[in-house]
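First the structure, in the form of structure tokens, and then the observations on it.
Every number in this text was worked out from the coordinates using simple rules, so none of it is lab data. For clarity, every value in this text was computed on a predicted model and none was experimentally measured. With ideal geometry, Cβ positions are generated from the backbone for all residues, glycine too; neighbour counts draw on all protein chains shown.
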Amino acid sequence: MDTYAPRSCRQPIDVEDGPLTIDRLKRANSEFGITLLIIEHNMQAIMNLAQHIYCLAHGELLASGPPESIQNDPRVVDAYLGVHSK
């Protein structure tokens, strides 16, 4: 398996360059059939990019699934926003 680590691998997706970066990553996935592991705190970018998300809290797997299920998972909302609307 080939591994590619970009020079800025420890930097978050830039808000201004985000759409271009996301488009390039989607194209790489589609054209080359590669799987990408991205660790990112910019949830809007991840929701637009990922087909499957693993959400961690305190080093433990909290939830996994497609972006829609992660956005609506009460455990994720509680962990990241501190409150869940019922």
Short version: ³J(HN,Hα) in whole Hz for each residue of the stretch 72-81, in order, from phi by Karplus 6.51 cos²θ - 1.76 cosθ + 1.60 (θ = phi - 60°), x for Gly and Pro, what are they? 9, 7, x, 5, 5, 4, 4, 5, 9, 10
Alpha-carbon spread of the stretch 18-81, three principal axes, descending order, Å: 36, 19, 19
Using per-residue counts of other Cβ atoms within 10 Å, averaged over each peptide, order 63-71, 45-53, 25-33 from highest down. 45-53, 63-71, 25-33
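Report, in debye and to the nearest 20, how large the dipole of the stretch 18-81 comes out about its Cα centre when Lys and Arg carry +1 and Asp and Glu carry -1 on their Cβ.
About 200 debye.
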